[in-house]
Amino acid sequence: MTRQHIAVIGAGIIGVTTAFELALRGHQVTVLEKNQTCAEESSFANAGVISPGYVTPWASPSMPGRLLRECFSKNASFLMHFPNMEELQWLTQCWRASRAENYWLQRTALQRLALMSQARMKELSHLFRLEYEQVQGYNLVYRDAKSWAQAQLALPYLSSQGVPFELLTAEAMMDKEPALESSTTMAGAIHLPQDQVANCRQFAMAIRDEAEKLGVEFRFKTEVNSLDPSRPRQLVSGQEVMHFDATVVCAGTMTESILRDFKLKTGIMPVYGYSLTAMIKEPLDAPRCGLMDDKYKVTIVRQGNRVRVGGVMELGGRAKEHNGKAIKTLYKVLDDWFPKASDWSQQVQVWKGARAMIAKGTPLICQTPVPGVWLNAGHGSSGWALSCASAQLLAGMLEREVTPEQWPELTLR
């Protein structure tokens, strides 16, 4: 294909990997980012879990009942302010997407994409000798017999997808994670040996360095105005006008704003997530790899010499305001499983980031109705796990090597 000058809007993990894959194919790429550097928002302090075995749409058959229970829960995994009309419409779309036939269709697409992404990430790490914090293995922990029984019903599906797993009793789980608090009730656990925890921001920085070696230009502190569908080759930032052959929008929650003149509904909704990060006090008291508490949907992971606990979904609210109930839930789950991992009375990094979520669960990796304008956005809480394959697919679609018919779940409808 003819070498093009392509603009990538956004330098989170999706934008950086997209720019890299396009440059690797010989295109001239310019990345436009409003922040001072890469991975400053959703990619900054996420849990770092890369788990093809557990990548699932939030809108699952159990989701409606879970939301009702969350309304009366002391430690909720989902928080919602009084919703506006747009948020109510989005929740209605989630309810429709939660029907079993829709859920399994989207889940299969997500796991297919996640497995591709994990393979590509390992390939790039080996090829370019990328250095970033990572540990192997991920554990899904179930507190009660009912949730444990339900989890086992999905195991044949994991087998069909080629995802290895190991069922663990509470005693066997203690062998995997010796620092685990033994007094917390556990019905069972699933160990996913090929899943991993890795530092998303460090990987983004490493890929940015490789992209720059390929000639990618990163222009930070450059905020792009909304695109004009009548002039798709022209981008405006402040008073500056730039011209490109094609544009890829990887702008997360800002995607719909950038495309507002397209009369196009992406369905992307900002849903906030939280994390707490602190230095490990005694390595023997910290997790060896990653753990996810199924009841609260909270992860506890080891990243280098730090422990990070992440989770909670908050619909509505403000980006700079931390919800005390969300923080309380994270501390509660951490105290239940690894109470001695860190001295949490010392300096703790509290982070809140907006996830660009689509009700159906799968992202948008496709061309818009306007020729030359493409989307790679809406990955929700799985952006890190899907990033490398999403970038590969976008580059393949742009060069007509991959057709929308091969990935119908990723197109605009």
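Annotations for the structure displayed:
- Selection within the stretch 75-103 - closer than 30 Å to Asp336 by Cα and either touching a strand residue (DSSP E or B) at 6+ places or on another chain (Cβ under 7 Å) or not polar (S, T, N, Q) (or both): Ala76, Ser77, Phe78, Leu79, Met80, His81
- Number of the condition not met by Met80 [criteria: (1) modelled with pLDDT under 90; (2) among the aliphatic types (A, V, I, L, M); (3) surrounded by fewer than 18 Cβ atoms within 10 Å (Cβ to Cβ); (4) farther than 19 Å from Ala356 by Cβ]: (4)
- Condition check for Glu217: under 23 Å from Asp285 (Cβ atoms) and of a type in the set (Asp, Glu): no
- The stretch 332-353, residues that are touching a helix residue (DSSP H, G or I) at 6+ places or on another chain (Cβ under 9 Å) and aliphatic (A, V, I, L, M): Ala341, Val350
- Within the stretch 107-132, the set of residues being touching a helix residue (DSSP H, G or I) at 6+ places or on another chain (Cβ under 6 Å) and in a helix (DSSP H, G or I) comprises Ala109, Gln111, Leu113, Ala114, Leu115, Met116, Ser117, Gln118, Arg120, Met121, Phe128.
- Residue in the stretch 198-210 that is surrounded by the most Cβ atoms within 10 Å (Cβ to Cβ), counting only those that are out of contact with any helix residue (DSSP H, G or I) (no Cβ under 7 Å at 6 or more places or on another chain) and either among the charged types (D, E, K, R) or over 21 Å from Ala11 (Cα atoms) (or both): Arg201
- When Thr222 is tested against (1) more than 29 Å from Ala114 (Cα to Cα); (2) more than 27 Å from the chain's Cα centre (by Cα), just one condition goes unmet, and that condition is (2).
- Of the residues making up the stretch 50-105, just one is closer than 15 Å to Gly361 by Cα, of a type in the set (D, E, K, R) and in contact (Cβ under 8 Å) with a residue 60 or more places away in the chain, namely Arg96.
- Of all residues in the stretch 10-18, none satisfies being touching a residue at least 12 places away in the same chain (Cβ under 8 Å) and either more than 28 Å from Glu217 (Cβ to Cβ) or basic (Lys, Arg) (or both).
- Scanning the stretch 222-260 for residues that are in a helix (DSSP H, G or I) and of a type in the set (Phe, Trp, Tyr) turns up nothing.
- Yes/no for Ala172 being surrounded by fewer than 16 Cβ atoms within 10 Å (Cβ to Cβ), at pLDDT 95 or above and within 18 Å of the chain's Cα centre (by Cα): no
- All positions within the stretch 193-224 that are in contact with a Gly (Cβ under 8 Å, 6 or more places away or on another chain) and either under 29 Å from Leu291 (Cα atoms) or not acidic (Asp, Glu) (or both): Pro193, Gln194, Asp195, Gln196, Val197, Ala198, Asn199, Cys200, Ala204
- Selection of the stretch 287-312 for residues being surrounded by 20 or more Cβ atoms within 10 Å (Cβ to Cβ) and under 19 Å from Tyr132 (Cβ atoms) yields Pro287, Cys289, Gly290, Thr299, Val301, Arg302, Gln303, Val307, Arg308, Gly310.
- The stretch 94-106: number of residues that are part of a helix (DSSP H, G or I) and surrounded by fewer than 16 Cβ atoms within 10 Å (Cβ to Cβ): 5
- Some residue of the stretch 86-102 being within 25 Å of Ser390 (Cβ to Cβ) and of a type in the set (Gly, Ala, Ser): yes
- Number of positions in the stretch 308-324 that are over 19 Å from the mean Cα position of the chain (by Cα) and either assigned to a strand (DSSP E or B) or charged (D, E, K, R) (or both): 3
The values are calculated or read from the model by the stated rules, or taken from the named source; none is laboratory data. No experiment lies behind these values; they were computed from the predicted model shown. Cβ atoms come from the backbone with ideal geometry, glycine included; neighbour counts cover every protein chain shown.
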